[in-house]
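For reference, the structure is listed below as structure tokens.
The values are calculated or read from the model by the stated rules, or taken from the named source; none is laboratory data. Not measured: the values here are computed from a predicted model. Glycine also receives a Cβ, built like all others from the backbone with ideal geometry; neighbour counts cover every protein chain displayed.
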Amino acid sequence: MTQVENRPRTGTSGPVVGRPIDRVDGVAKTTGAARYSAEYPYADIAHAALVHANVTRARITAVDTAAASAVRGVLAVITHLNAPPMKPARPVNLVNLSTLASGSSVNYLNTDEVHWNGQPVAVVVAETLDAAEEAAALVAVSYEELPATVDFGAQEPHATPQKSTAISSGGATKGDAEAALAAAPVSVDLRFTTPGHHHNALEPHATTAAWDGDRLVVHEGAQNVAWVRDQLAWKFDVPPAGIRVIAPYVGGAFGGKTMIWPGTILTVLAARVTGRPVRMMLTREGVYRAVGGRTPSTQRVALGADADGSMTALIHTSVTQIGRVGGGPEQVTSQSRHLYDAENILVQQNQVTLDALSNTAMRAPGESIGTFALEAAVDELAYELGIDPIELRMRNEPARNPIDGKRFAHRALREAYARGAELFGWSDRTPQPGSMRDGRWLVGMGVASAYHPSWQFQANVTVRLAADGTVLVRCGFHEMGMGGATAQAQIAADALGVPFESVRVEYGDTTLPTGPGAGGSGQTASVAASVVAACEKVQRTVLALATGSKDSPLRGQRLADLRARDGGLYRTDDTRGESYAAILGRAGRVSVDAAVGSDTRLGGIVGQMRFLSKFLLDNRRWVKAASGAQFCEVRVDPDTGEVRVSRWLGVFDVGTVINAKTASSQLRGGIVMGLGMALGEETLVDPRTGRIMNANLSDYHVPVHADVPPIEVHYLDEPDPTMPLGLIGVGEVGITGVAAAVANAVHHATGRRVRDLPITLDKLL
Amino acid sequence: MRVNGAVQSLEVEPRVSLLDVLREHLGLTGTKKGCNQGACGACTVLVDGERINSCLALAVQYAGREITTIEGVATGGQAHPLQEAFIRNDGFQCGYCTSGQICSAIGMLAEHRAGAPSAVTEHLAAEAVELSGAEIRERMSGNLCRCGAYNGIVESIQDVAAGHADVLAAAR
């Protein structure tokens with residue numbers, strides 16, 4: 001069931017990195033053949049459904065399961081009264097990063113405690129889905145309610161500063177920013193708010209679990225199959241080696257399928273209890289109740305400048321929420337440490353702790369909402385100064401990282417703005433708010449910077465070059481739509497000088513070498529580094545085979561003097577060389593294999609330590625990031641306040657672009673999610689109960705077709721010298737800056753500053 | 001009912017949705033469940049050529065009807081032009097909404113050919129409505145794509161519409 005596929009699509013020879021090749025899984029996804037987690041057939045499958053608490057903090061005093069158990073086809077009603085024991089959430093241990101992946105600290109169905117409104121308190125298993133859902137609605141739970149703290153707004157004054165650690169900085173200062181702000185001739189001091197958001201991947205979280213003794217197969221649309229395996233092994237006290245997690249297709253994730261949430265654990269529990277393979281897809285409401293979302297935030301951005309626009313003070317502070325049972329700080333001030341050359345800087349992140357489900361990563365956690373506040377504030381400062389917003393940014397573009405003087409690995413924001421301004425027609429803009437119209441529509445144009453740090457994780461990879469010239473790349477990475485298999489096939493094809501069509505990529509399975517999680521926009525670069533290294537190892541072995549023969553024209557050659565092309569190794573000083581088929585054939589080899597990284601216990605620890613030390617070393621030497629310039633045009637109806645985004649253009653500095661087709665789709669996807677954040681998305685929480693009130697896709701407004709204009713994406717396409725192949729991940733940078741560009745354009749159209757997302761029409765009237 | 005040209009005889013409880021019959025009883029998992037509330041369009045199938053949300057349809061109401069799912073839109077081993085266009089224009093990322101988008105687009109193009117106006121059609125009495133980008137976006141807004149592949153989807157539909165492909169016929 002491992003994912004193996006490729007499609008001949010290129011039809012030409014030569015290097016393929018950089019070419020907009022169609023996805024290798026295109027046919028599977030457009031014909032319905034691609035199987036997602038709830039779609040694996042098992043002959044005797046049973047179906048499960050969750051019962052969610054409808055109180056906030058409580059002890060369960062009684063559970064009446066009689067009516068539920070009486071429903072025809074019900075196999076089990078599992079509650080804390082009859083569930084077998086599971087181990088409590090695993091303590092965090094940085095040598096094994098999977099320990100970070102407990103969605104919450106609650107030991108579901110092993111406790112009578114309720115910690116958030118919506119916590120699963122029972123799971124029903126039945127022969128049919130309808131019976132399970134009917135019975136789940138009949139489970140009657142009685143509670144003794146306890147006082148709860150749920151109102152984010154009310155708790156804001158009690159926020160506590162985030163302490164810095166080696167891998168996460170809560171705050172930083174340079175100079176005395178408050179004094180500089182007070183002394184600045186021109187300044188703004190602004191408060192912004194952003195609501196909670198939910199990922200709303202179109203595929204609700206789904207798990208299919210089948211036990212065989214202590215062995216377990218799990219189909220789980222996950223962003224890290226190894227973490228699912230390790231977490232389940234811990235919870236159920238079985239060896240990880242006996243658990244196989246399979247997820248070739250993930251129906252969207254955006255951070256929401258990184259942690260291990262209760263639905264996964266309780267499906268596996270249900271299968272354990274009933275002795276049947278069990279499938280459970282959370283209801284859409286269930287996803288809101290049992291999977292964390294993006295924290296709400298309040299932010300202060302204060303900027304001071306001289307009359308010429310030189311920034312003298314930059315202050316950015318934030319308050320976000322953490323669940324008492326889990327979650328973590330958001331790096332809301334991340335971009336504010338890197339974007340502007342202010343003399344004095346103060347950034348500080350603060351948190352409040354609520355009786356709510358853990359907050360979790362959602363596309364560009366921190367920067368997505370942090371760039372909204374910072375980049376909207378910069379626009380306000382530009383208007384205070386009477387300087388064009390792009391010009392103000394250019395006057396404050398730093399040569400080195402503003403807060404600590406570190407070098408930028410790569411920085412091309414000037415070029416991004418210059419290119420974007422020309423392509424978008426920025427010079428046609430008249431700065432006065434309300435000065436541009438198209439018929440009755442008010443027209444506004446706004447810009448904002450995009451910024452997201454680049455990451456690189458450990459990736460174990462094997463590469464097999466067969467005597468027939470075909471190549472097999474194996475790595476347990478993840479495909480939620482980024483086009484990872486396509487990109488890695490392109491990289492391997494060029495590294496070995498074989499046609500794209502000759503490369504197959506296997507992924508999404510814990511039986512493969514452990515890949516990186518899909519997160520931090522780091523997967524493509526992480527896997528690429530190992531694929532390139534493994535391909536080089538393959539070539540060394542091939543060259544050793546060739547030079548062992550006195551018949552080979554490669555005899556006496558070093559790898560550095562050779563080029564991989566046309567399915568073989570060829571000298572660069574003349575045209576002589578040999579095909580892989582010829583070399584392997586003469587040596588009597590069916591294949592040459594190479595591995596990077598190891599999945600032994602020791603290998604795993606070495607890999608994690610190597611990742612951490614590289615991360616810390618890199619962090620000391622460089623500031624690495626993807627960045628870009630976002631250009632937005634809106635039309636606002638002067639009577640109704642309706643905002644329509646009419647044009648969008650982004651110019652991105654993301655290093656080498658492996659595949660412009662799939663990379664552009666990721667960037668557009670980020671921009672579209674940013675449009676949702678700007679104009680519609682808002683998780684509404686009842687401040688009395690902490691219960692999410694709009695837990696469905698009718699009341700939580702994600703962008704639809706009609707909300708999205710054609711989005712132009714451009715690249716600077718300059719390699720980042722510190723990243724594998726010069727590439728920087730593109731999964732998250734697209735969403736950053738979007739909400740600010742919209743807000744700035746709305747101001748330009750209407751003269752109104754909306755500092756509280758989303759920008760709904762009531763705020764413009 | 002007939003599903004993708006084959007007669008299916010089923011006995012199901014009256015409460016079972018058409019979507020669950022397709023996925024759980026017939027193994028046609030190409031049709032997706034995204035919300036089960038009619039809000040996302042992932043479950044869109046064609047019934048006698050018209051698009052519906054199969055999660056809001058009780059299977060028993062569709063006895064004797066002709067159901068076409070994503071598994072049935074290709075004809076004689078030849079991919080539907082929209083399937084090819086989606087690949088060419090990268091009209092998807094994760095793929096989960098794709099079946100619904102394609103089925104919905106087939107139904108939408110048929111509605112347009114039949115002269116049906118939309119909320120953004122300016123002249124309701126016009127003989128033929130030009131299928132502009134705005135018309136396509138309006139008519140496809142019942143199909144959510146959280147990956148944000150909307151541009152590629154609209155381009156795919158424009159490609160096929162411009163090619164005057166007989167999409168409805170191809171669907172059968």
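For region A:295-339, what are the residues that are buried (at least 22 other Cβ atoms within 10 Å of the Cβ) and among the acidic types (Asp, Glu)?
Listed by number, the list holds a single entry, A:Glu330.
Hey, could you check region A:273-315 for residues that are touching a strand residue (DSSP E or B) at 6+ places or on another chain (Cβ under 7 Å) and part of a helix (DSSP H, G or I) and say which is farthest from A:Thr353 (Cα to Cα)?
Only one residue tops the list, namely A:Thr274.
Just give me the residues in region A:223-252 being under 15 Å from A:Ala101 (Cα atoms) and either of a type in the set (D, E, K, R) or within 14 Å of chain B (Cβ to nearest Cβ) (or both), in sequence order.
Once the filter is applied, which keeps residues that are under 15 Å from A:Ala101 (Cα atoms) and either of a type in the set (D, E, K, R) or within 14 Å of chain B (Cβ to nearest Cβ) (or both), region A:223-252 yields A:Gln223, A:Arg229, A:Asp230, A:Lys235.
For the condition touching a strand residue (DSSP E or B) at 6+ places or on another chain (Cβ under 9 Å), within 30 Å of A:Gly497 (Cα to Cα) and either surrounded by fewer than 23 Cβ atoms within 10 Å (Cβ to Cβ) or touching a residue at least 24 places away in the same chain (Cβ under 8 Å) (or both), what is the one hit in A:Ala28, A:Ala53, A:Ala46? Spell out how you get there, then give the answer.
Working: A:Ala53 fails: within 30 Å of A:Gly497 (Cα to Cα); A:Ala46 fails: within 30 Å of A:Gly497 (Cα to Cα).
None of the other options fit; the residue is A:Ala28.
Have a look at A:Ala678, A:Ala695 and point out the one that is more than 8 Å from chain B (Cβ to nearest Cβ) and over 25 Å from A:Ser521 (Cβ atoms). Working first, answer last.
Working: A:Ala678 fails: over 25 Å from A:Ser521 (Cβ atoms).
One residue alone meets the criteria, A:Ala695.
Test A:Val702 against the stated conditions and say whether it is β-branched (Val, Ile, Thr), out of contact with any Cys (no Cβ under 7 Å at 6 or more places or on another chain) and more than 30 Å from A:Arg19 (Cα to Cα).
So A:Val702 fits the description; yes.
Looking at A:Gln490, A:Gln523, which is the one that is over 27 Å from A:Tyr570 (Cα atoms) and buried (at least 24 other Cβ atoms within 10 Å of the Cβ)?
The conditions single out A:Gln523.
Look at region A:589-637 and say how many of its residues are among the hydrophobic types (A, V, I, L, M, F, W, C), assigned to a helix (DSSP H, G or I) and in contact (Cβ under 8 Å) with a residue 24 or more places away in the chain.
Residues meeting the conditions: 6.
Within region B:144-152, identify whether any single residue is without any contact (Cβ under 8 Å) to a residue 40 or more places away in the chain, crowded, with 22+ Cβ neighbours inside 10 Å and out of contact with any Ser or Thr (no Cβ under 9 Å at 6 or more places or on another chain), and answer yes or no.
Within region B:144-152 (the criterion being without any contact (Cβ under 8 Å) to a residue 40 or more places away in the chain, crowded, with 22+ Cβ neighbours inside 10 Å and out of contact with any Ser or Thr (no Cβ under 9 Å at 6 or more places or on another chain)), the answer is yes, since at least one residue qualifies.
Considering region A:638-671 alone, what residues qualify as being away from chain B (no Cβ under 13 Å) and either in a helix (DSSP H, G or I) or of a type outside the set (Gly, Ala, Ser) (or both)?
Residues of region A:638-671 that are away from chain B (no Cβ under 13 Å), as a first pass: A:638-643, A:651-658.
Within region A:638-671, A:Pro638, A:Asp639, A:Thr640, A:Glu642, A:Val643, A:Val651, A:Phe652, A:Asp653, A:Val654, A:Thr656, A:Val657, A:Ile658 meet the criteria.
Output the residues belonging to region A:327-384 that are of a type in the set (Val, Ile, Thr), closer than 28 Å to A:Ser104 by Cα and more than 23 Å from the chain's Cα centre (by Cα).
Residues satisfying the conditions are A:Val352, A:Thr353.
Taking region B:86-119, which residues are surrounded by fewer than 24 Cβ atoms within 10 Å (Cβ to Cβ), part of a loop (DSSP other than H, G, I, E, B) and either out of contact with any Lys or Arg (no Cβ under 8 Å at 6 or more places or on another chain) or away from chain A (no Cβ under 12 Å) (or both)?
B:Asn89, B:Ala114, B:Gly115, B:Ala116, B:Pro117, B:Ala119, listed by residue number.
Answer yes or no as to whether A:Arg668 is surrounded by fewer than 24 Cβ atoms within 10 Å (Cβ to Cβ) and either under 13 Å from A:Leu716 (Cβ atoms) or out of contact with any Lys or Arg (no Cβ under 9 Å at 6 or more places or on another chain) (or both).
No: the conditions fail for A:Arg668.
Every residue in region B:61-85 that is within 13 Å of chain A (Cβ to nearest Cβ) and part of a helix (DSSP H, G or I), please.
Our first condition is that a residue be within 13 Å of chain A (Cβ to nearest Cβ); within region B:61-85, this holds for B:68-75, B:77-85.
Answer for region B:61-85, where residues must be within 13 Å of chain A (Cβ to nearest Cβ) and part of a helix (DSSP H, G or I): B:Ile70, B:Glu71, B:Gly72, B:Pro81, B:Leu82, B:Gln83, B:Glu84, B:Ala85.
Suppose we filter region A:57-86 for residues that are part of a loop (DSSP other than H, G, I, E, B), under 21 Å from A:Ala290 (Cα atoms) and touching an Asp or Glu at 6+ places or on another chain (Cβ under 6 Å); how many remain?
2
Would you check if A:Ile369 is buried (at least 24 other Cβ atoms within 10 Å of the Cβ), at negative phi and of a type in the set (Val, Ile, Thr)?
Against the criterion (buried (at least 24 other Cβ atoms within 10 Å of the Cβ), at negative phi and of a type in the set (Val, Ile, Thr)), A:Ile369 qualifies.
Output the residues belonging to region B:128-143 that are surrounded by fewer than 24 Cβ atoms within 10 Å (Cβ to Cβ), more than 7 Å from chain A (Cβ to nearest Cβ) and either under 16 Å from the mean Cα position of the chain (by Cα) or over 14 Å from B:Ser118 (Cβ atoms) (or both).
B:Gly142 - this is the single residue of region B:128-143 that is surrounded by fewer than 24 Cβ atoms within 10 Å (Cβ to Cβ), more than 7 Å from chain A (Cβ to nearest Cβ) and either under 16 Å from the mean Cα position of the chain (by Cα) or over 14 Å from B:Ser118 (Cβ atoms) (or both).
Filter region B:18-42 down to the residues that are within 8 Å of chain A (Cβ to nearest Cβ) and aliphatic (A, V, I, L, M), then identify the one that is surrounded by the most Cβ atoms within 10 Å (Cβ to Cβ).
Ranking the candidates gives B:Ala42 first.
If you take the residues of region A:108-141 that are among the polar types (S, T, N, Q) and touching a strand residue (DSSP E or B) at 6+ places or on another chain (Cβ under 9 Å), which of them is nearest to the other protein chains (Cβ to nearest Cβ)? Before the answer, list the steps.
Within region A:108-141, the subset among the polar types (S, T, N, Q) is A:110-111, A:117, A:119, A:128.
Pick out the ones that are also touching a strand residue (DSSP E or B) at 6+ places or on another chain (Cβ under 9 Å) and you get A:111, A:117, A:119, A:128.
Values: A:Thr111: 29, A:Asn117: 20, A:Gln119: 22, A:Thr128: 8 Å.
Looking at the filtered set, the residue picked out is A:Thr128.
Of the conditions (1) of a type in the set (Ser, Thr, Tyr); (2) over 26 Å from A:Asn200 (Cβ atoms); (3) surrounded by 20 or more Cβ atoms within 10 Å (Cβ to Cβ), B:Thr69 fails just one. Which one is it?
Single failed check for B:Thr69: (2).
Whether any residue in region A:675-688 is within 17 Å of A:Ala629 (Cα to Cα) and within 18 Å of the chain's Cα centre (by Cα) is what I want to check.
To start, the set of residues in region A:675-688 that are within 17 Å of A:Ala629 (Cα to Cα) comprises A:675, A:678.
Then drop every residue that is not within 18 Å of the chain's Cα centre (by Cα), which leaves A:675.
Scanning region A:675-688, I find at least one residue that is within 17 Å of A:Ala629 (Cα to Cα) and within 18 Å of the chain's Cα centre (by Cα), so the answer is yes.
Please give the number of the condition A:Ser318 fails out of (1) under 24 Å from A:Thr99 (Cα atoms); (2) assigned to a strand (DSSP E or B); (3) of a type in the set (Ser, Thr, Tyr).
Only one criterion is unmet by A:Ser318, namely (1).
Contact list please: Cβ distance under 7 Å, first residue in region A:131-142 and part of a helix (DSSP H, G or I), second residue basic (Lys, Arg), pairs at least six apart or on different chains.
Close Cβ pairs (under 7 Å, with a partner that is basic (Lys, Arg)) amount to A:Ala131/A:Arg72.
Does B:Ala42 satisfy being within 15 Å of the chain's Cα centre (by Cα), at pLDDT 95 or above and not assigned by TED's automatic domain parsing to the domain that holds B:Val21?
no
Give the residue that is nearest to the other protein chains (Cβ to nearest Cβ), with candidates limited to residues of region A:163-222 that are part of a strand (DSSP E or B) and of a type in the set (Lys, Arg).
In this case the residue turns out to be A:Arg215.
Would you check which residues across region A:734-749 are within 21 Å of A:Asp438 (Cα to Cα) and either in a loop (DSSP other than H, G, I, E, B) or in contact with a helix residue (DSSP H, G or I) (Cβ under 6 Å, 6 or more places away or on another chain) (or both) and list them?
Answer for region A:734-749, where residues must be within 21 Å of A:Asp438 (Cα to Cα) and either in a loop (DSSP other than H, G, I, E, B) or in contact with a helix residue (DSSP H, G or I) (Cβ under 6 Å, 6 or more places away or on another chain) (or both): A:Val742, A:Ala743, A:Asn744.
Given the condition outside the structural domain of A:Glu732 (by TED's automatic domain parsing), of a type in the set (S, T, N, Q) and closer than 30 Å to A:Arg23 by Cβ, answer yes or no: does some residue in region A:590-603 qualify?
Yes: region A:590-603 contains one or more residues that are outside the structural domain of A:Glu732 (by TED's automatic domain parsing), of a type in the set (S, T, N, Q) and closer than 30 Å to A:Arg23 by Cβ.
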